[in-house]
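Visitor: Shown below is the structure under consideration.
The values are calculated or read from the model by the stated rules, or taken from the named source; none is laboratory data. Everything numeric in this text was worked out from a predicted model, so none of it was measured. In this analysis, Cβ positions are derived from the backbone assuming ideal geometry, glycine residues included, and neighbour counts consider all displayed protein chains. Heads up: the accessible areas ignore ligands, DNA and RNA and are worked out on the full protein's heavy atoms, side chains in. Shrake-Rupley method; radii C 1.70, N 1.55, O 1.52, S 1.80 Å.
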Amino acid sequence: MKLVYRVTPRQRLIIVAHALQQMHAFAQHRWWNCEAGGVLLGRHLLDSHDVVVDEVSIPQNSDRRSRFSFFRSSKHEQVARRRWLQENSTSAHLGLWHTHPERDPTPSGVDRRDWQQAVAGDSYDGDRLFFPIVGTHCMRIWTLSRRGTFRELKLEKKNDNQEVGAS
């Protein structure tokens with residue numbers, strides 16, 4: 001299953017099945033599951049304004065994880081850089097993802113500050129980054145532009161009858 005979100009009237013965010021599976025594998029369904037996260041990797045399509053998330057980095061041993069917090073280590077940058085080199089400079093950093101131990105996830109103040117730092121300090125193509133949060137029953141996605149525009153993306157379509165965000 002892939003998910004398609006409307007970003008602007010001319011741009012869509014497409015998350016392929018493999019990337020969805022990678023993120024949903026870390027959903028916090030049990031009380032002992034810690035938050036997890038990583039970076040979104042993919043591409044800006046040349047023949048359109050669309051952005052495709054092909055894969056994500058998964059939690060690294062150097063990350064700090066607890067039930068209600070996640071600190072992404074610099075190993076994720078190394079994973080992204082290695083992928084960029086393997087893909088002949090076509091694999092792009094598209095944003096950051098993480099989990100929350102809640103049914104319908106919402107970003108915390110810490111999340112929003114982390115996202116603002118990423119938009120201001122990370123190297124990336126395009127004018128915005130994307131920020132999925134995987135909850136226990138659904139995934140929600142926000143975007144933050146270089147100009148500071150922050151908003152939640154709405155699901156445009158899915159290609160099968162599965163519940164959005166179902167693992």
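Visitor: Using a 1.4 Å probe, what is the accessible area per residue for the chain, in Å²?
Guide: Here the per-residue accessible area is 54 Å².
Visitor: Could I ask something else about it? Among [x] 45; [y] 11; [z] 40, which is the computed percent of Cα pairs over 29 Å apart?
Guide: The calculated read-out lines up with [y].
Visitor: Now for a different question. Quick check for me: using +1 on Lys/Arg Cβ and -1 on Asp/Glu Cβ, what's the dipole size of the chain about its Cα centre, in debye to the nearest 20?
Guide: 240
Visitor: Which peptide among 59-68, 126-135, 146-155, 45-54 comes first, and what is the full order, when sorted by highest mean count of other Cβ atoms within 10 Å? The partial results should precede the final answer.
Guide: Details: 59-68: 13.8, 126-135: 21.7, 146-155: 12.1, 45-54: 15.5.
The packing order, highest mean first, is 126-135, 45-54, 59-68, 146-155.
Visitor: Hey, what do the phi angles of region 144-153 turn into as Karplus ³J(HN,Hα) couplings, whole Hz, using 6.51/-1.76/1.60 and θ = phi - 60°, x for Gly and Pro?
Guide: Result, ordered by residue: 9, 8, 4, 7, x, 6, 10, 7, 8, 8 Hz.
Visitor: To continue, here is another question. Rounded to a whole number, what % of the accessible area of region 44-135 do carbon and sulfur atoms account for, probe 1.4 Å? Don't skip to the end; give the middle numbers.
Guide: Details: 2360 of 5110 Å².
Here carbon and sulfur together make up 46 percent of the probe-accessible area.
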